[in-house]
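Asks: Take a look at the following structure, please.
The values are calculated or read from the model by the stated rules, or taken from the named source; none is laboratory data. Computed from a predicted model, the values in this text were never measured in an experiment. Neighbour counts are summed over all protein chains in view; Cβ atoms, including those assigned to glycine, are modelled from backbone coordinates with ideal geometry. Surface areas here come from the heavy atoms of the whole protein model, side chains and all, with no ligands, DNA or RNA. Shrake-Rupley method; radii C 1.70, N 1.55, O 1.52, S 1.80 Å.
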Amino acid sequence: MNANFSRILSTAIVAENARGHVAVIPDIKCFSPKDGDLLRGRNPIEMAQCLVSYGAPALSVVTQKEHFGGSAELLQAITDVVNVPVLRKDFITNEDMLKETVALGAAAVLLICATTDKKILTSLYDKAIELGLEPFVEAHTKEEMEFAVRLKARLIGINNRDILAFERDNGGAAHTAELALNVPAGALLISESGILSPDDAKLVSSVGTNAILAGTALWQADNLKEAYRLFCVERRREPCVQS
């Protein structure tokens, strides 16, 4: 991983927060088990470059093939052409996958509590740091959040949907609002999946979220650039009431 600050995910998020915004991290996902083909003929590499030009401080790239249509080759192609940190999203199960992630140019790696034995996840967490990757620990339940806290994870993601059902459920921003109470000071909180509108972004912002991963809502918008900018909401501290 490039040690330049511009290629460190946590630094990119903090910098965006310092400008008064929740960091919006576009999720480059080719296919959704719930919503089908997201790209609709668009080139994901070109779209990644466009999103960076719109102001995206970081990107997320799904490399899992069977259910999400991703690949290691796609991750490599994107890290080769952008100068922002890239998170690799996949079901990471062993150290070889971590080493591959480094070789592919990613700055951070997703570690999913729901799909990984706690002992193995702890080992992967430590190994990721050793390799120069930032571990991004994903929780969906209160118990998983407690485990992420015990790990002292710097990057904690709340998946609003159930990855064990391949995110086919209808979880949304309210799930982040519920679990955010358990995030310790000093950790960076990222809300994932089910952020479908600027109002959802405002809701998760109101509970202290530092960043959101936005995927389907961006890809389904008529105007990707305008949709991205609408998700770049102010980082609020007072309660946000949904209309």
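Asks: Please work out which residue is surrounded by the most Cβ atoms within 10 Å (Cβ to Cβ), limiting yourself to region 84-106 and to residues that are in contact with a Ser or Thr (Cβ under 9 Å, 6 or more places away or on another chain) and among the hydrophobic types (A, V, I, L, M, F, W, C).
Replies: Taking the candidates together, the pick is 106.
Asks: Oh, and also: Tell me whether region 42-56 contains one or more residues that are assigned to a loop (DSSP other than H, G, I, E, B), in contact (Cβ under 8 Å) with a residue 60 or more places away in the chain, closer than 21 Å to residue 161 by Cβ and open to solvent by less than 30 Å² (accessible area, probe 1.4 Å).
Replies: Taking every residue of region 42-56 in turn, none turns out to be assigned to a loop (DSSP other than H, G, I, E, B), in contact (Cβ under 8 Å) with a residue 60 or more places away in the chain, closer than 21 Å to residue 161 by Cβ and open to solvent by less than 30 Å² (accessible area, probe 1.4 Å).
Asks: Can you tell me which residues in region 208-222 are surrounded by fewer than 22 Cβ atoms within 10 Å (Cβ to Cβ) and either out of contact with any strand residue (DSSP E or B) (no Cβ under 9 Å at 6 or more places or on another chain) or not in a helix (DSSP H, G or I) (or both)? Steps first, answer last, please.
Replies: In the first step, residues of region 208-222 are kept if they are surrounded by fewer than 22 Cβ atoms within 10 Å (Cβ to Cβ); the result is 208, 216-217, 220-222.
Once the filter is applied, which keeps residues that are surrounded by fewer than 22 Cβ atoms within 10 Å (Cβ to Cβ) and either out of contact with any strand residue (DSSP E or B) (no Cβ under 9 Å at 6 or more places or on another chain) or not in a helix (DSSP H, G or I) (or both), region 208-222 yields 208, 217, 220, 221, 222.
Asks: How many residues does region 177-220 contain that are at positive phi and within 15 Å of the chain's Cα centre (by Cα)? Give the derivation first.
Replies: Looking only at region 177-220, we keep the residues that are at positive phi, and these are 186, 193-194, 208.
After this cut, where a residue has to be within 15 Å of the chain's Cα centre (by Cα) as well, the list is 193-194.
Residues that pass the stated criteria total 2.
Asks: Kindly list, by first and then second residue, each pair from a residue in region 72-83 that is assigned to a helix (DSSP H, G or I) and surrounded by 18 or more Cβ atoms within 10 Å (Cβ to Cβ) to a residue that is of a type in the set (Lys, Arg) and at pLDDT 95 or above, limited to pairs with Cβ atoms under 7 Å and residues at least 6 apart or on different chains.
Replies: Between residues of region 72-83 that are assigned to a helix (DSSP H, G or I) and surrounded by 18 or more Cβ atoms within 10 Å (Cβ to Cβ) and residues that are of a type in the set (Lys, Arg) and at pLDDT 95 or above, the close pairs are 75/88.
Asks: A follow-up question, please. Surrounded by 13 or more Cβ atoms within 10 Å (Cβ to Cβ) and acidic (Asp, Glu): is that true of residue 134 in this structure?
Replies: Numbers: surrounded by 13 or more Cβ atoms within 10 Å (Cβ to Cβ): yes; acidic (Asp, Glu): yes.
So residue 134 passes the test.
Asks: Do we have residue 31 as more than 17 Å from residue 220 (Cβ to Cβ), open to solvent by 40 Å² or more (accessible area, probe 1.4 Å) and not aliphatic (A, V, I, L, M) here? Step through it out loud before you land on a result.
Replies: Details: more than 17 Å from residue 220 (Cβ to Cβ): no; open to solvent by 40 Å² or more (accessible area, probe 1.4 Å): yes; not aliphatic (A, V, I, L, M): yes.
When the stated conditions are applied, residue 31 does not pass them.
Asks: Related question: From 109, 204, grab the single residue that is in contact with a strand residue (DSSP E or B) (Cβ under 7 Å, 6 or more places away or on another chain), more than 23 Å from residue 64 (Cα to Cα) and open to solvent by less than 20 Å² (accessible area, probe 1.4 Å).
Replies: Values: 109 fails: more than 23 Å from residue 64 (Cα to Cα).
Among 109, 204, only 204 is in contact with a strand residue (DSSP E or B) (Cβ under 7 Å, 6 or more places away or on another chain), more than 23 Å from residue 64 (Cα to Cα) and open to solvent by less than 20 Å² (accessible area, probe 1.4 Å).
Asks: Shifting gears a bit: Over 17 Å from residue 215 (Cβ atoms) and modelled with pLDDT of 95 or more: does that describe residue 66?
Replies: Working: over 17 Å from residue 215 (Cβ atoms): yes; modelled with pLDDT of 95 or more: no.
It is false that residue 66 is over 17 Å from residue 215 (Cβ atoms) and modelled with pLDDT of 95 or more.
Asks: I would also like to ask the following. Of the numbered conditions (1) farther than 23 Å from residue 71 by Cβ; (2) part of a strand (DSSP E or B), residue 180 fails exactly one; give the number of that condition.
Replies: Failed condition: (2).
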